[in-house]
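Here is the structure we will look at, set down as C-alpha coordinates.
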Amino acid sequence: QSFFSDIPYELARELELHYQNVLYIVYKLLGFYVKAEYHTSEGRVDMILQTDKFIYIMEFKLNGTAEEALQQINDKHYARPFETDSRKLFKIGVNFSAETRNIEKWLVEN
(Lines give C-alpha, C1' and ligand atoms only; values in the text may rest on other atoms or scores of the structure.)
Protein backbone atom coordinates (compact mmCIF):
# COMPACT_ATOMS: atom_id res chain seq x y z
CA GLN A 1 0.00 0.00 0.00
CA SER A 2 2.87 2.35 0.77
CA PHE A 3 4.27 1.82 -2.73
CA PHE A 4 0.99 2.68 -4.46
CA SER A 5 0.45 5.66 -2.15
CA ASP A 6 3.56 7.28 -3.60
CA ILE A 7 2.28 7.19 -7.20
CA PRO A 8 0.86 10.62 -8.16
CA TYR A 9 -2.88 10.44 -8.85
CA GLU A 10 -2.36 11.86 -12.36
CA LEU A 11 -0.41 8.73 -13.31
CA ALA A 12 -2.94 6.23 -11.95
CA ARG A 13 -5.56 5.05 -14.41
CA GLU A 14 -8.93 3.68 -13.44
CA LEU A 15 -8.13 0.35 -15.05
CA GLU A 16 -7.17 -2.97 -13.52
CA LEU A 17 -4.45 -3.10 -16.18
CA HIS A 18 -2.67 -0.12 -14.59
CA TYR A 19 -2.11 -1.99 -11.32
CA GLN A 20 -1.19 -5.19 -13.13
CA ASN A 21 1.43 -3.32 -15.19
CA VAL A 22 2.93 -1.62 -12.16
CA LEU A 23 3.33 -4.91 -10.27
CA TYR A 24 4.68 -6.66 -13.36
CA ILE A 25 7.38 -4.03 -13.83
CA VAL A 26 8.34 -4.05 -10.15
CA TYR A 27 8.66 -7.84 -10.05
CA LYS A 28 10.68 -7.90 -13.30
CA LEU A 29 13.03 -5.21 -12.00
CA LEU A 30 13.54 -7.25 -8.83
CA GLY A 31 14.62 -10.16 -11.01
CA PHE A 32 11.66 -12.47 -10.44
CA TYR A 33 10.30 -14.81 -13.10
CA VAL A 34 6.88 -13.29 -13.72
CA LYS A 35 4.21 -13.79 -16.36
CA ALA A 36 1.17 -11.58 -16.94
CA GLU A 37 -2.00 -12.91 -18.56
CA TYR A 38 -0.88 -16.52 -18.16
CA HIS A 39 -3.17 -18.68 -20.31
CA THR A 40 -4.71 -21.90 -19.00
CA SER A 41 -7.40 -24.17 -20.43
CA GLU A 42 -10.05 -22.26 -18.43
CA GLY A 43 -8.93 -18.64 -18.64
CA ARG A 44 -6.15 -16.15 -18.08
CA VAL A 45 -4.41 -15.66 -14.78
CA ASP A 46 -3.58 -12.00 -14.14
CA MET A 47 -0.11 -12.80 -12.84
CA ILE A 48 2.13 -15.76 -12.02
CA LEU A 49 5.32 -15.16 -10.05
CA GLN A 50 7.78 -18.01 -9.56
CA THR A 51 10.85 -18.36 -7.37
CA ASP A 52 13.00 -21.39 -6.67
CA LYS A 53 10.77 -22.33 -3.70
CA PHE A 54 7.39 -20.70 -4.34
CA ILE A 55 4.70 -20.10 -6.96
CA TYR A 56 2.29 -17.19 -6.52
CA ILE A 57 -0.94 -17.14 -8.53
CA MET A 58 -2.45 -13.65 -8.44
CA GLU A 59 -5.83 -12.44 -9.58
CA PHE A 60 -6.67 -8.73 -9.50
CA LYS A 61 -9.97 -6.87 -9.32
CA LEU A 62 -10.68 -3.16 -9.53
CA ASN A 63 -13.61 -2.06 -7.38
CA GLY A 64 -14.55 -5.68 -6.80
CA THR A 65 -13.48 -7.79 -3.84
CA ALA A 66 -10.45 -9.82 -2.90
CA GLU A 67 -12.88 -12.66 -2.22
CA GLU A 68 -14.09 -12.54 -5.84
CA ALA A 69 -10.51 -12.61 -7.10
CA LEU A 70 -9.61 -15.62 -4.95
CA GLN A 71 -12.86 -17.36 -5.95
CA GLN A 72 -11.97 -16.90 -9.62
CA ILE A 73 -8.61 -18.61 -9.06
CA ASN A 74 -10.42 -21.57 -7.54
CA ASP A 75 -13.41 -21.66 -9.91
CA LYS A 76 -11.21 -21.59 -13.01
CA HIS A 77 -8.64 -24.00 -11.55
CA TYR A 78 -5.73 -21.64 -12.19
CA ALA A 79 -3.51 -23.69 -9.87
CA ARG A 80 -4.03 -26.94 -11.80
CA PRO A 81 -1.04 -26.49 -14.18
CA PHE A 82 1.23 -26.35 -11.13
CA GLU A 83 -0.16 -29.33 -9.18
CA THR A 84 2.85 -31.55 -9.95
CA ASP A 85 5.36 -28.81 -9.12
CA SER A 86 7.19 -29.37 -5.82
CA ARG A 87 7.26 -25.66 -4.95
CA LYS A 88 4.86 -24.24 -2.36
CA LEU A 89 1.87 -22.62 -4.03
CA PHE A 90 0.05 -19.48 -2.90
CA LYS A 91 -3.19 -18.13 -4.37
CA ILE A 92 -3.55 -14.39 -3.91
CA GLY A 93 -6.72 -12.40 -4.55
CA VAL A 94 -6.25 -8.63 -4.63
CA ASN A 95 -8.79 -5.83 -4.91
CA PHE A 96 -7.74 -2.32 -5.90
CA SER A 97 -9.85 0.76 -5.23
CA ALA A 98 -10.22 3.36 -8.00
CA GLU A 99 -11.21 5.88 -5.32
CA THR A 100 -8.03 5.54 -3.24
CA ARG A 101 -5.88 4.29 -6.14
CA ASN A 102 -4.46 1.66 -3.84
CA ILE A 103 -4.84 -1.90 -2.62
CA GLU A 104 -8.15 -2.14 -0.82
CA LYS A 105 -7.70 -5.74 0.39
CA TRP A 106 -5.81 -8.92 -0.38
CA LEU A 107 -6.32 -12.53 0.65
CA VAL A 108 -3.84 -15.39 0.55
CA GLU A 109 -4.68 -19.08 0.37
CA ASN A 110 -2.21 -21.95 0.22
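Within segment 1-25, take every residue that is small (Gly, Ala, Ser) and either at pLDDT 85 or above or exposed (fewer than 12 other Cβ atoms within 10 Å of the Cβ) (or both) and give me the one that is farthest from Ser97 (Cα to Cα). By that ranking, first place goes to Ser2.
Restricting attention to segment 50-80, and to residues there that are among the basic types (Lys, Arg) and more than 10 Å from the chain's Cα centre (by Cα), which single residue is farthest from Val34 (Cα to Cα)? The extreme case among them is Lys76.
Specify the residue that is modelled with the lowest pLDDT; the eligible residues are those in segment 97-110 that are assigned to a loop (DSSP other than H, G, I, E, B) and farther than 21 Å from Thr40 by Cβ.
Step one: filter segment 97-110 for residues assigned to a loop (DSSP other than H, G, I, E, B), giving 98-101, 110.
Now restrict to residues that are farther than 21 Å from Thr40 by Cβ: 98-101.
On the way: Ala98: 84, Glu99: 87, Thr100: 83, Arg101: 76.
Across segment 97-110, the extreme among qualifying residues is Arg101.
Out of Ile103, Ile92, Ile57, I need the residue that is under 19 Å from Asn21 (Cα atoms), touching a residue at least 40 places away in the same chain (Cβ under 8 Å) and crowded, with 16+ Cβ neighbours inside 10 Å. Which one?
Ile103
Listed by position, the strands (runs of 3 or more DSSP E) enclosed by segment 14-96 that each have at least 2 residues that are aromatic (Phe, Trp, Tyr) are 33-40, 54-62. Across segment 26-41, the qualifying residues are those that are of a type outside the set (Ser, Thr, Tyr) and surrounded by 12 or more Cβ atoms within 10 Å (Cβ to Cβ), and the one among them that is nearest to Asn102 (Cα to Cα) is Val26.
The values are calculated or read from the model by the stated rules, or taken from the named source; none is laboratory data. Everything numeric in this text was worked out from a predicted model, so none of it was measured. With ideal geometry, Cβ positions are generated from the backbone for all residues, glycine too; neighbour counts draw on all protein chains shown.
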